[in-house]
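J.: This is the structure I have questions about; it appears just below.
The values are calculated or read from the model by the stated rules, or taken from the named source; none is laboratory data. Keep in mind the model is a prediction, meaning the values are calculated, not measured. Please note: Cβ atoms are built from the backbone with ideal geometry, for glycine as well, and neighbour counts cover all protein chains shown. Surface accessibility is based on the protein's heavy atoms, side chains included, excluding ligands, DNA and RNA. Shrake-Rupley method; radii C 1.70, N 1.55, O 1.52, S 1.80 Å.
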Amino acid sequence: MALTSNRAVLAWIDEMAAMTQPDQLVWIDGSEAQLEELRKQACASGEIERLNEEKLPGCYLHRTAVNDVARVEDRTFICCKKQEDAGPTNHWMAPQEMYAKLKKLYTGAMKGRTMYVIPYSMGVVGSPFAKYGIELTDSIYVVLNMAIMTRVGRAVADVMGDDFVKGLHAKADIDPENRYIVHFPEDNTIMSVNSGYGGNVLLGKKCFALRIASYLGRQQGWMAEHMLILGVENPQGEVRYLAAAFPSACGKTNLAMLIPPEHYRKAGWKVWCVGDDIAWLRIGEDGRLWAMNPEYGFFGVAPGTNVKSNPNALATTRQGTIFTNVVHNLDDNTVWWEGLDKNPPEHAVDWQGRPWNGKTSGEKGAHPNSRFTAPAKNCPCISPEFESPRGVPISAIVFGGRRARTAPLVYQSRDWTHGVFVGSIMASETTAAATGAVGVVRRDPMAMLPFCGYHMADYWQHWLDMGEKLGGKAPKIFNVNWFRTDEDGKFLWPGFGDNLRVLEWILKRCFGEAEAVETPIGWEPRPEDIDLEDSGVELDTLRGLLGVDTALWRDEVKGIREFYQKFGDKLPRQLSEELDILDARLN
Ligand code: GTP
Ligand code: MN
Ligand code: MN
């Protein structure tokens, strides 16, 4: 039974079904009974396996195809009419050409299968900030993941109307040569084919909430960003919020759930997680910038998650969670991954489905990009504002990445325009530990390089325009770097929970409660402005962490000039001016 009588919705579904030719069509109503029935079916077919009901209640394991384990940026397209609108950092093809190519791949792709119709909401259903979508898919795994990551079902269909994002996903043959993740921003449409991996097939996440939403945000005057949202409660009981953009694998999920150092906890500091990956930001009636997390769950990297590094994330995955591509421990029907503990199981199955003995095998058991899909409500520090339709007011925007030497532990931009510049020059570099070659820089402006649905230079202009509108009420903009290393490549800053020491300074700066000194790149704390109590960090080390090496920064300026050239005439004048100012200050 269709959950809507909306003609536009039904006509589109009919058209997609005529092309893909499924045996039957099933609407996802969001009820626990229906989801439970689907879990049973998927267990029977071997698509998922049920885990230990006592230790991991309601948890399941899934393995993807070996060639299908990550997002595929080289097969991700932005198909707008004019190539110029996609910009130099996105793959592009003319919409008609792409539709024709995809039609061949989708025709008959669901023969013998069921097409599931998932009405879903990004944001609290019915809130003025929510946006709706329908994902059509032939994968039960996708249905079950979408039911964790987004709000799905009848309630969404009831309020949706015909302003919705169309999403079509077919597993087809999981053929990597014909894998496409395609966005038609002008048609509100996403098409994904030949993959079964999360980032490529959970269309609400990167595809909708970042690529399509960033495009919509520019038209409608709001922003969709690759940001965590965090509330920091001080001993006075006042909660201040920040949003932070770091590239993938640079610590958003960790910061979003951090546990304060002991003496902070004793003093009454608390941290509240609003989101760990995506923020939608709008100017509220009060003129301030408000953020909401459009998602309903966490799709986090499993390896490295443990009781020490991120106890809150680990606790979040102890029930109602789907694990993808981790180790299956056969002794007690649980899961394991590298970095969970020092005790890998001996009787196990690795992520490729092969027998695996963690004590004797030289190979990794879990895929490095193995993931957990867990309900946000499981998180011990989930914010009471998580379900608030209006979101939370943002005091600070924080950018960051992995820089072994260049970027200091923290600095503040002089103003919004300078802050946009700081975001536009964001970069991460490979570490000695990972590759042997230190300093291979990948520019990833605002951590949005793979996720911006239009021309990156227009995106920067949109940031500048938002700053104009926010005026004196704009959040302050900062940059952090938890990853400075010493000569031996060892991290100088303890990171994780201790990052609160830096956040304390950042948030105090936003309220005029902390000092700063000027450097060529922006404002920095004096070493005595950061609380080092029980941190194990010497004042001298902190001095080093805050150091700005002008020779390195002059090289950096060269790298930025080269990067900016890609954007030609579209580069906003203010950004090249900021670059010249930085250049002058360094000389
Ligand atoms: P996506 O979910 O892919 O967007 O990435 P993310 O930004 O959420 O990254 P995540 O938190 O999963 O990245 C974690 C990686 O960075 C892990 O290897 C962590 O151990 C490491 N990490 C996180 N925070 C810190 C920190 O403060 N210091 C150090 N040294 N490492 C950290
Ligand atoms: Mn991400
Ligand atoms: Mn994450």
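J.: Looking at region 44-59, which of its residues are assigned to a loop (DSSP other than H, G, I, E, B), among the aliphatic types (A, V, I, L, M) and either open to solvent by 40 Å² or more (accessible area, probe 1.4 Å) or within 15 Å of ASN145 (Cα to Cα) (or both)?
T.: Taking region 44-59 as the starting set, the residues that turn out to be assigned to a loop (DSSP other than H, G, I, E, B) are 46-48, 51-59.
Checking the rest, the ones that are also among the aliphatic types (A, V, I, L, M) come to 48, 51, 56.
If the condition is that a residue be assigned to a loop (DSSP other than H, G, I, E, B), among the aliphatic types (A, V, I, L, M) and either open to solvent by 40 Å² or more (accessible area, probe 1.4 Å) or within 15 Å of ASN145 (Cα to Cα) (or both), then ILE48 is the only one that fits.
J.: Restricting to region 67-88, what's the tally of residues that are open to solvent by 30 Å² or more (accessible area, probe 1.4 Å) and either modelled with pLDDT under 95 or out of contact with any Gly (no Cβ under 9 Å at 6 or more places or on another chain) (or both)?
T.: The first filter runs over region 67-88 and keeps only residues open to solvent by 30 Å² or more (accessible area, probe 1.4 Å), leaving 67, 70-71, 73-75, 81-85, 88.
Now restrict to residues that are either modelled with pLDDT under 95 or out of contact with any Gly (no Cβ under 9 Å at 6 or more places or on another chain) (or both): 67, 70-71, 73-75, 81-85.
Within region 67-88, residues that are open to solvent by 30 Å² or more (accessible area, probe 1.4 Å) and either modelled with pLDDT under 95 or out of contact with any Gly (no Cβ under 9 Å at 6 or more places or on another chain) (or both) number 11.
J.: Among the numbered criteria (1) hydrophobic (A, V, I, L, M, F, W, C); (2) in contact with a His (Cβ under 7 Å, 6 or more places away or on another chain); (3) surrounded by fewer than 24 Cβ atoms within 10 Å (Cβ to Cβ), which single criterion is violated by ILE259?
T.: With (1) hydrophobic (A, V, I, L, M, F, W, C); (2) in contact with a His (Cβ under 7 Å, 6 or more places away or on another chain); (3) surrounded by fewer than 24 Cβ atoms within 10 Å (Cβ to Cβ) applied to ILE259, the lone miss is (2).
J.: Just checking, does region 178-185 include any residue being on the phi > 0 side of the Ramachandran plot and in contact with a helix residue (DSSP H, G or I) (Cβ under 9 Å, 6 or more places away or on another chain)? Write out each step before concluding.
T.: So the first thing to find is which residues in region 178-185 are on the phi > 0 side of the Ramachandran plot, and the list is none.
No.
J.: Which condition does THR64 not pass, out of (1) open to solvent by less than 20 Å² (accessible area, probe 1.4 Å); (2) more than 15 Å from HIS169 (Cβ to Cβ); (3) polar (S, T, N, Q), if it passes all the others?
T.: THR64 satisfies every listed condition except (2).
J.: Can you find, within region 214-225, the residue that is nearest to ligand 2 (Cβ to nearest atom) among those that are hydrophobic (A, V, I, L, M, F, W, C) and closer than 17 Å to LEU289 by Cα?
T.: It comes out as ALA224.
J.: What pairs can you find where one residue is in region 261-278 and within 26 Å of MET292 (Cα to Cα), the other is more than 16 Å from ligand 1 (Cβ to nearest atom) and charged (D, E, K, R), and their Cβ atoms are less than 6 Å apart, with a gap of 6+ or different chains?
T.: Cβ pairs passing all conditions: LYS270/GLU233.
J.: Any idea how many residues of region 484-513 are open to solvent by less than 20 Å² (accessible area, probe 1.4 Å) and assigned to a strand (DSSP E or B)?
T.: Selection size over region 484-513: 0.
J.: Moving to a separate point now. Here are ALA244, ALA209: which of them is under 23 Å from VAL422 (Cβ atoms) and within 16 Å of ligand 2 (Cβ to nearest atom)?
T.: So the residue among ALA244, ALA209 that is under 23 Å from VAL422 (Cβ atoms) and within 16 Å of ligand 2 (Cβ to nearest atom) is ALA244.
J.: I'd like to verify a number: residues in region 145-186 that are under 14 Å from LYS205 (Cα atoms) and in a helix (DSSP H, G or I), how many?
T.: 5
J.: From the list LEU202, LEU228, which residue is in contact with an Asp or Glu (Cβ under 6 Å, 6 or more places away or on another chain) and within 16 Å of ligand 2 (Cβ to nearest atom)?
T.: Working: LEU202 fails: in contact with an Asp or Glu (Cβ under 6 Å, 6 or more places away or on another chain).
The conditions single out LEU228.
J.: Still on this structure, please answer the following. Among the strands (runs of 3 or more DSSP E) contained in region 368-476, which hold 2 or more residues that are among the aliphatic types (A, V, I, L, M)?
T.: Where strands (runs of 3 or more DSSP E) fall fully within region 368-476 and carry at least 2 residues being among the aliphatic types (A, V, I, L, M), they are 392-400.
J.: Report, by residue number, each residue of region 270-292 that is open to solvent by less than 10 Å² (accessible area, probe 1.4 Å), within 14 Å of ligand 2 (Cβ to nearest atom) and not small (Gly, Ala, Ser).
T.: The answer is ASP276, ILE278.
J.: When you check ILE259 against the structure, is it of a type in the set (Val, Ile, Thr) and either within 16 Å of ligand 1 (Cβ to nearest atom) or under 14 Å from the mean Cα position of the chain (by Cα) (or both), yes or no? Step through it out loud before you land on a result.
T.: Numbers: of a type in the set (Val, Ile, Thr): yes; either within 16 Å of ligand 1 (Cβ to nearest atom) or under 14 Å from the mean Cα position of the chain (by Cα) (or both): yes.
Yes.
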